[in-house]
Structures are given as structure tokens and as C-alpha cells.
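Only one structure is covered here, and it is reproduced in the block below.
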Amino acid sequence: MIKNLLFVILLFAFSWTFGKNGSQFISQTVPTNLEPNQTFTASITFKNTGTTTWKKSRNYNLGSQSPQDNSLWGVGRVYLPRDVTPGEQVTFSKSFKAPGTADLYGYSFQWQMVQDGVEWFGEKSDNHMIFVGTGTLPDSLITSSHQFSTSNHIVATSMFHWYGKNSGQLVSPWIPIEGRDKWTGEVPFWKTMIKQAMAANIDVFYILVIPSMEKARLNLFRALNELRREGWDVPKVCPFFDPIITYTIKGVNGNAATKEGKDEIVGHYIRFYKQYYSQNTDEFADDFIYTLGGIPVLDTWHVHLHIDNYQQMIRQDIVSRLRAEFGAEHPIFNKSIRMITTAISPSFTFADEKIHQFEVQEYYIEKDYNNIKSVQLKPGYWDQNVRNPGYILKRDGGSKYVNAWTKVNSTINRVYIESFNEYDEGSGIYAARTDTVYTKTDGGMNNTNSDIWSAANDPYEYIKTTAAGAAKFNDNEKLNAKIIWHNIPDEMGVGETFNAKVIVRNEGNEQWNAANNFKFGQQDSDPAIFGSSRYLIDDSQNDIPDFGGIFRGRAMTFNLEIVAPETEGEFVTHWGMLQEDIAWFGEVIEKTIKVSETTDIRQQNVQKYFNIYPNPVSLNETIEIDGTFNKHDRIVLTGLNGNIVFEKVIQNNTNNLSLYLQKNSIVEGIYIIQIISNNSIHTKKIIVNNK
């Protein structure tokens with residue numbers, strides 16, 4: 001009996017010890033825009049993919065991530081609504097509260113299953129960005145973008161769209177740093193790809209056009225749009241038509257000998273542009289279509305294999321159809337087109353540029369055509385997942401790619417990186433793990449090759465090499481900046497403090513970081529300095545730990561505490577980017593700030609619209625605040641040390657507010673009440689006593 005009992009105890013302990021925790025993120029319903037301190041309800045669904053039952057009594061919870069164990073949303077844990085057995089799904093529905101501080105770029109809302117005291121486990125939810133307080137900032141920071149001429153030096157790459165979590169290209173010798181399961185084809189994944197490509201100084205994406213995985217391509221276009229809305233200058237897009245895959249899927253060749261056949265061929269380009277414009281509906285959408293001299297550029301590959309009578313296709317066949325479809329709303333299609341084709345394979349007779357794209361296995365190869373010299377660069381190639389035993393063009397830790405870039409000189413017009421994220425054939429330059437090489441030996445494969453991603457163990461090896469090579473090749477300045485938006489005030493009261501935002505975009509090849517003394521500031525030559533003259537970059541934020549700095553095309557926000565001088569007058573101020581002790585650079589904000597005892601109508605009537613009583617006030621009393629308050633104004637109560645003890649965002653226009661002191665844990669002392677609007681800040685002192 002004792003032996004049997006001992007066996008049962010040991011068996012239970014064994015199963016408890018070796019039970020496996022696992023979870024899969026399924027879906028979530030989360031808002032995108034909130035006001036500071038706004039409460040909201042979110043629903044997050046996970047599936048138990050382990051072998052243990054999740055129970056509240058065993059400390060299974062949903063825990064906050066990004067960063068881990070944060071309480072940004074009011075709580076760091078969400079409790080299980082019920083026990084969840086293996087294979088079951090559970091939805092956590094919870095009321096959350098937004099942070100009290102506005103942030104244009106948003107806060108991360110991400111969760112993961114945790115057995116507290118044991119382990120975090122399974123997938124994290126999608127890292128959803130919630131924008132807080134955007135009501136007081138522009139709805140969109142979309143701007144126009146420069147256009148290329150045929151004489152420009154341009155760096156392009158092929159961006160493949162055939163990715164889903166469990167679909168598309170799934171196997172490669174080089175595993176992404178975030179894991180292949182994160183290549184979902186959804187918008188957050190594409191933002192990661194776009195960031196990496198922009199950090200590499202890429203100018204143009206050749207985006208594959210095949211009648212498959214259309215949603216992933218739409219998501220790519222959506223990701224480009226969302227970054228543009230944040231003030232980013234993203235790469236241009238160019239359709240890359242692949243007849244081999246397209247007509248293999250369709251089961252019949254294209255035919256350029258008939259009107260119907262030409263309609264069908266050009267229809268693939270039309271589909272591409274329709275999808276792009278469905279996600280980019282703003283006035284500057286045309287600026288992000290790849291054009292040369294204002295004429296759209298198209299790319300195609302190996303037309304001779306799957307388009308019958310391809311010689312009968314002429315330029316006007318494409319121009320007329322694109323003009324008919326888009327010309328009325330998008331004038332760039334009313335002139336002509338430029339066609340890029342393969343360098344070796346037979347192609348359309350009206351080709352304007354030719355490049356070696358997916359034709360040869362070379363690290364560096366040139367093609368001179370129509371006085372345009374294009375060079376294809378390839379970091380390596382390894383198709384052992386496609387062929388047996390497979391062909392390998394070794395990376396050798398990145399040295400081959402570096403050597404290829406050294407051959408690029410001023411006689412070259414275009415640099416074409418064969419692929420950014422082509423996966424199966426191992427030619428991409430995305431950030432990848434350096435400690436893992438997948439060699440396929442199952443299914444009869446007998447590959448015995450080996451290779452090294454990075455001799456320096458740097459996942460971003462090829463991104464950095466590309467950025468350095470492109471900086472020497474392209475036509476951009478080393479240091480440049482564009483002011484996207486700011487709310488530096490026109491008028492201030494004597495000694496008044498105003499918290500402003502300035503959004504600046506890097507327009508140059510060199511990345512910005514604190515390590516290299518990049519700052520935003522008020523120029524020292526101004527007659528009066530309004531507060532601190534320098535505002536720093538935090539090298540732990542904005543993906544700087546990954547990429548090294550704020551790269552070209554990326555926008556960032558500087559928070560300015562502007563303090564007016566104690567004397568009245570009109571002061572001409574100048575604000576911009578600088579590299580300390582080296583140079584000021586880029587666009588400059590020239591702002592004349594009038595400093596006076598009465599700055600504007602609201603300031604002149606401050607006593608009328610902003611009165612507090614009683615003052616002094618007792619701890620058990622309520623402060624009444626009368627005035628004229630607009631939607632999105634903020635009422636902030638701080639101690640003399642600057643700590644915020646109460647903050648409220650006004651949801652509607654109103655004339656009075658009440659603040660019950662005991663409810664907000666206020667103690668005896670002197671406090672500052674601030675009324676903060678979009679372009680002004682006003683303060684009053686209040687004395688709190690215990691009488």
C-alpha cells in the first residue's frame with residue numbers, strides 16, 4: 001500500500017515537472033487611437049498548445065510585454081476567466097487605461113502567457129501600437145517626396161511578398177533574427193522589413209507581381225502608408241512582373257498577339273497599382289511610385305518563356321492601358337513608361353534599362369544598355385532547399401559582399417541588390433541569426449556545404465554593408481534634415497514654460513545618435529535662449545540598439561521645454577539639428593516669439609477663463625476651476641518638485657471642473673495648476689492646508 005502510494009506521488013511529481021507549457025496567439029481586438037488616461041476594453045485570444053491545463057490556482061495569467069511586466073495600461077496581469085485545457089482557446093477581455101502622456105508614435109500593447117514563479121511561454125500577441133493623445137497633433141504627417149531623374153544614382157532591391165506565418169517560402173539556410181514564424185505577411189512584419197531596408201539606404205523596392213498571396217502585398221502597401229503617416233520618407237515601389245510563376249499558376253501562357261492577351265498582360269501591372277492606391281489614397285501617393293523624369297518605371301523577367309508572341313508587345317500597348325485606367329486621377333501615367341528587363345534573356349524590344357536579375361551567380365556583374373550602366377550585387381546564394389545537392393555561392397562571413405561594393409564607382413548609374421528577403425534560395429540581406437545554419441538533409445537531399453553569415457556575428461551584417469556602400473554611391477548629402485511638424489508658440493508670457501514637440505526627419509546618409517553628438521537645439525547666436533538650448537537623442541529608443549541610429553527617411557520627435565525670458569520683447573529664434581562641435585545642418589525653424597505680460601486673447605482674459613477657488617483650500621474641500629476649456633486641453637496639478645499628482649484631458653468643451661483633494665491623495669503644501677492647450681500653457685499656484 002505504501003509502495004503504491006509512493007508510486008502515485010512520484011508519478012504526479014513526474015507529470016507536474018515534465019508537463020509542457022505552450023501557447024499560440026490567435027487574435028486581438030484593440031483600439032488604435034486613445035486620449036491620455038482614457039479607459040478602453042480589449043480582447044485577446046490565445047490557444048493552449050501545451051500538455052498542461054492552465055489554472056488560476058497554478059498562477060497562469062496573461063502578462064504584459066514590451067517591456068516585460070510593464071503597467072503602461074494600468075495592469076501588468078490579466079487573470080484567467082476559466083481553466084483552459086490543452087487544445088482550447090481562451091479570450092481575455094479586460095478594461096485598460098491609457099498612459100497619461102501623449103505620444104505621437106504610440107505605446108506598445110503586447111501580451112504573453114506566463115506561469116508566475118515558473119516561466120513565460122509561447123507566442124506573444126502582435127505588438128500593436130496605440131497612439132495616445134493624437135487629437136492635439138496632426139492626424140497625418142504625410143509629406144511629399146523627391147523624384148528621381150535618369151541621371152540619379154539609385155539603389156534598388158527586390159522585395160518578395162510571398163510570406164505567411166505557415167505559407168509561402170518556409171525554408172532557408174539563414175533564419176531571420178526574429179524567427180521565420182514572425183514572417184506573417186501582416187503589417188507589423190512589413191514594417192520590420194521596411195525599417196531594415198531603409199536602414200540599408202535602399203531607394204526603390206521592386207515588388208513581385210504574381211496572382212497569389214495578394215493580401216500580403218496589400219499589407220506591404222498598408223505598412224508603407226502607415227509609416228508615411230508618421231512622417232517617414234519610405235522607398236519607392238516598382239512592379240516586378242514574373243511571367244514564369246504567374247502563368248504557371250494560371251496554367252496557360254500569356255499571348256501578346258491579341259488585344260485580349262495584351263489586356264491580360266498589362267492587367268498584372270494594373271492590379272499592382274490598384275492595390276497600391278487602395279492603401280495610399282493621399283495627395284502625395286504618386287510621389288512613392290518609382291518614376292524617372294516623371295515617367296513610371298516597370299520591371300519584368302523572362303518574358304520569352306511564358307508569353308507567346310512577346311515580340312508583338314509594344315510600349316504603347318502598356319502606356320495606353322495604364323493611361324486609360326489611371327490617367328484621370330494620376331497624371332504620371334499620361335506620358336509614357338520606362339521598362340526594365342533582364343540582361344541576357346530575350347525580352348521586350350522597347351526595354352530602356354537591362355539588369356542581371358536572377359540570371360547569373362555572381363557577386364558583382366555589370367550591364368551597360370542605352371547609356372545606363374547597372375550593376376547587380378549579390379551577397380551569396382545557397383539553394384540547397386530547392387535542388388539536390390544545391391548550388392552555393394558562399395558569403396564567407398560577408399567578405400564577398402564588401403568586396404563587391406568596393407567595385408561600385410561613379411560610372412555606375414544603378415545598383416541592384418538581387419533580393420532583400422528572397423528566402424528559399426538564400427540570397428537575402430535581411431537581419432539573420434548568426435548562430436544557426438539550416439542544412440537540408442531530409443527528403444533525399446545530400447547537401448554537405450557550410451557557410452558563415454557574419455564573421456563579426458552581426459545579424460545586421462549586410463544591412464550595414466549596404467548602407468555604407470550606398471552612402472558613397474547615392475546622391476544624398478551626408479547630413480541633412482527636414483522639419484515635419486512643430487508647435488513652438490508665437491507668443492508667450494514672461495517667464496512662461498511651454499512644452500513643445502518638434503518632429504524631424506533624417507534626410508542624409510549618416511545616422512543620428514547620441515554617441516556621435518547628434519542633437520536638436522536652439523542656435524547659440526540667437527539673442528535669447530528659451531530654456532535648454534540642446535535636446536538629446538536617447539540611444540536606447542527608436543530601434544537605435546538594432547540599427548545604430550536614426551537612419552535616412554525616418555522621423556523622430558524631440559520634446560522641448562521652452563522657457564520665455566523674464567523681459568518683454570520680440571525674439572527671433574532659430575531651431576534645428578546639429579552635430580555638436582561640428583555643424584548645424586538641414587532645415588531650420590525660424591520663429592519670432594513675442595514675450596509679454598499679455599500674450600494673446602486667452603492670456604489677456606486668463607483671470608476670466610481660469611479661476612480657482614477657494615484658494616487657499618482645505619484638504620477636505622473640492623477645488624472648483626472655472627474658465628473656458630476646449631476639447632483636448634489638459635488640466636495638470638503638480639507639486640513644486642514637478643511630480644504630477646493629477647492629470648485630466650478634457651473630452652468636450654466646458655466651463656468648469658471639480659477636483660476633490662482627498663480622492664487624489666493630496667497632502668498639505670503648495671501646488672501648481674496648469675492649463676495646457678495646443679499652443680499655450682498657463683499656470684497658477686494653489687495653497688493646500690489642513691484647516
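The values are calculated or read from the model by the stated rules, or taken from the named source; none is laboratory data. Because the structure is a prediction, the values reported are computed rather than measured. Heads up, the Cβs are rebuilt from the backbone with ideal geometry, glycines too, and the neighbour counts pull from every protein chain shown.
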Considering segment 437-477 alone, what residues qualify as being part of a loop (DSSP other than H, G, I, E, B) and aromatic (Phe, Trp, Tyr)? TYR438, TRP453, TYR460
In segment 537-561, what count of residues is obtained for those that are of a type in the set (D, E, K, R) and under 17 Å from TYR430 (Cα atoms)? 2
Sole miss for GLU325 among (1) part of a helix (DSSP H, G or I); (2) crowded, with 20+ Cβ neighbours inside 10 Å is condition (2)
Return yes when TRP485 is out of contact with any Asp or Glu (no Cβ under 6 Å at 6 or more places or on another chain), surrounded by 16 or more Cβ atoms within 10 Å (Cβ to Cβ) and in a loop (DSSP other than H, G, I, E, B) and no when it is not. no
Taking segment 531-556, which residues are surrounded by fewer than 20 Cβ atoms within 10 Å (Cβ to Cβ), under 14 Å from the mean Cα position of the chain (by Cα) and under 24 Å from ASN487 (Cα atoms)? GLN541
Determine whether ILE270 is surrounded by 15 or more Cβ atoms within 10 Å (Cβ to Cβ), in contact (Cβ under 8 Å) with a residue 24 or more places away in the chain, touching a strand residue (DSSP E or B) at 6+ places or on another chain (Cβ under 9 Å) and not in a strand (DSSP E or B). no
Against the conditions (1) in a loop (DSSP other than H, G, I, E, B); (2) under 23 Å from ASP352 (Cβ atoms), where does ASP299 fall short? Just the number, please. (1)
Among the candidates ASP282, ASP287, which residue alone is under 19 Å from VAL237 (Cα atoms) and surrounded by fewer than 18 Cβ atoms within 10 Å (Cβ to Cβ)? ASP282
Out of the residues in segment 646-670 that are under 15 Å from ILE686 (Cβ atoms) and surrounded by 15 or more Cβ atoms within 10 Å (Cβ to Cβ), which is modelled with the lowest pLDDT? LEU661
Out of everything in segment 392-412 that is surrounded by fewer than 19 Cβ atoms within 10 Å (Cβ to Cβ) and of a type in the set (Ser, Thr, Tyr), what residue ends up being farthest from the chain's Cα centre (by Cα)? THR411
Are any of the residues in segment 240-259 at pLDDT 95 or above, within 25 Å of the chain's Cα centre (by Cα) and of a type outside the set (Asp, Glu)? yes
Which residues, taken from segment 557-591, are modelled with pLDDT under 95 and touching a Phe, Trp or Tyr at 6+ places or on another chain (Cβ under 9 Å)? THR557, PHE558, ASN559, LEU560, GLU561, ILE562, VAL563, ALA564, PRO565
Lone qualifier among PRO81, PRO36 - being modelled with pLDDT of 90 or more, outside any strand (DSSP E or B) and of a type outside the set (S, T, N, Q): PRO81
Candidate set from segment 117-137 (those that are touching a strand residue (DSSP E or B) at 6+ places or on another chain (Cβ under 6 Å) and in a loop (DSSP other than H, G, I, E, B)); member that is modelled with the highest pLDDT: SER125
Pairs please, first residue from segment 38-63 and more than 13 Å from MET113 (Cα to Cα), second anywhere and β-branched (Val, Ile, Thr), Cβ atoms under 7 Å, 6+ apart in sequence or on different chains. ALA42/THR29; ALA42/VAL30; SER43/THR29; SER43/THR91
State whether the residues of segment 376-391 include one that is more than 32 Å from the chain's Cα centre (by Cα), assigned to a strand (DSSP E or B) and free of Cβ contacts under 8 Å to residues at least 60 places away in the same chain. no
Are any residues in segment 395-410 in a loop (DSSP other than H, G, I, E, B) and of a type in the set (Lys, Arg), and if so, which ones? ARG395, LYS407
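Please indicate, with yes or no, whether at least one residue in segment 286-295 is closer than 19 Å to THR342 by Cβ and not in a strand (DSSP E or B).
Yes, because at least one residue in segment 286-295 is closer than 19 Å to THR342 by Cβ and not in a strand (DSSP E or B).
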What's the total number of residues in segment 560-587 that are among the aliphatic types (A, V, I, L, M), within 12 Å of ILE529 (Cα to Cα) and buried (at least 19 other Cβ atoms within 10 Å of the Cβ)? 2
